[in-house]
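The values are calculated or read from the model by the stated rules, or taken from the named source; none is laboratory data. All values derive from a computational prediction rather than experimental measurement. So basically every Cβ, Gly included, is an ideal-geometry build from the backbone, and we count neighbours across all protein chains shown.
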Amino acid sequence: MSFTFASWNVNSIRQREKHVLDWLDRVKPDLLCLQELKCETHLFPASFAEAGYHPVVVGQKGYNGVAMLARTPVEVVHERLPGFANEAARYVEVRMASMTIGNLYLPNGNSGGTEGFATKLDFFAALAERAQTLRDEEADFLFTGDFNVCPTDEDFAPGALSPGDALLRPESRAGWHRLLWLGLTDALRALKPSGRHYTFFDYQNAAFQRNAGLRIDHALLSPKLAERLVLVTPDRDERAKDQPSDHIPLIVALA
DNA sequence: ATGCCTAGAAAGTCTAGA
């Protein structure tokens, strides 16, 4: 059974409500995973449910916040990442269409000094543990969201990041690679093994116009789901619109 | 020169994003 999902860091759901509604109407995914809601759960816009989507919202005041918008009712499994001792609203996991789907907003790691970076690595470690558990349960599962890591040097435009940035530090990349070693497939690179396929463009210095982007929004698929992979598209059209998020949707289709 | 955007919290101008 075919299944289309997307990940989109919207940088405030209230600022982007109309963008998301229009996008849902255009793409009609089975599931949209949102990050950086920047709003409390009870302030999440009602318009998505009115448009026929089942919302699962894990919000908080100010920063962070994740949500799922599903075309069918879902079972909520977790509203925090097991093993990640931090109250920030950065993970939500559901069961739908015979899959377990984790939607994550991984800490950036550039703020908060040594402790801030350690929190990022802690999230990666807990995510690997979660992957191991799901693998042991023989679940078909995927993780998608804003991983805040450029897996290789091909995943950021020259000059877009300074050398010591948390998005490309070896420890961050090791966290990413540990997930791959657990048998997960990087959906975009499975279908587009090389080339620039960015998902983020800074608001400053006309980064989008210069294609000075980063590939930091990802989808990781467990083996049987990877066999069903037919399409991965970073939706650049969204970044050209008025008042866009700095991230674009990453669309993935399974056969 | 982490700064030339953007958003949120909050009422100044920070912090965080990445």
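Values as computed for the structure displayed
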quantity: Extreme residue, nearest to A:V92 (Cα to Cα), among residues of segment A:6-25 that are away from DNA strand B (no atom under 12 Å from the Cβ) and touching a helix residue (DSSP H, G or I) at 6+ places or on another chain (Cβ under 9 Å); calculated: A:A6
quantity: Qualifying positions in segment A:1-28 - surrounded by fewer than 16 Cβ atoms within 10 Å (Cβ to Cβ), in a loop (DSSP other than H, G, I, E, B) and of a type outside the set (A, V, I, L, M, F, W, C); calculated: A:S2, A:S12, A:R14, A:Q15, A:K28
quantity: Subset of segment A:212-249 (residues that are more than 16 Å from DNA strand B (Cβ to nearest atom) and either modelled with pLDDT under 95 or touching an Asp or Glu at 6+ places or on another chain (Cβ under 7 Å) (or both)); calculated: A:L220, A:S222, A:K224, A:L225
quantity: Single unsatisfied condition, A:A125 versus (1) more than 10 Å from DNA strand B (Cβ to nearest atom); (2) within 19 Å of A:K38 (Cβ to Cβ); calculated: (2)
quantity: Selected residue (criterion: farthest from DNA strand B (Cβ to nearest atom)) from residues of segment A:45-57 that are in a loop (DSSP other than H, G, I, E, B) and of a type outside the set (G, A, S); calculated: A:Y53
quantity: Close pairs (6 angstrom Cβ cut-off, 6 or more residues apart or separate chains): closer than 24 Å to A:L180 by Cα in segment A:151-164, modelled with pLDDT of 95 or more and charged (D, E, K, R) anywhere; calculated: A:D155/A:R215
quantity: Condition met for A:Y63 (in contact (Cβ under 8 Å) with a residue 12 or more places away in the chain and touching a Lys or Arg at 6+ places or on another chain (Cβ under 6 Å)); calculated: no
quantity: Enumeration of residues in segment A:77-86 that are surrounded by fewer than 17 Cβ atoms within 10 Å (Cβ to Cβ) and within 16 Å of DNA strand B (Cβ to nearest atom); calculated: A:N86
quantity: Verdict on A:L167 being under 17 Å from the mean Cα position of the chain (by Cα) and loosely packed, with under 15 Cβ neighbours inside 10 Å; calculated: no
quantity: Total residues in segment A:44-76, condition within 19 Å of the chain's Cα centre (by Cα), surrounded by fewer than 17 Cβ atoms within 10 Å (Cβ to Cβ) and either closer than 20 Å to A:F147 by Cβ or among the acidic types (D, E) (or both); calculated: 1
quantity: Answer residue from segment A:192-211, given it is within 30 Å of A:A97 (Cβ to Cβ) and either free of Cβ contacts under 8 Å to residues at least 24 places away in the same chain or buried (at least 18 other Cβ atoms within 10 Å of the Cβ) (or both) and is nearest to DNA strand B (Cβ to nearest atom) among those; calculated: A:F200
quantity: A:A70 modelled with pLDDT under 95 and away from DNA strand B (no atom under 15 Å from the Cβ); calculated: no
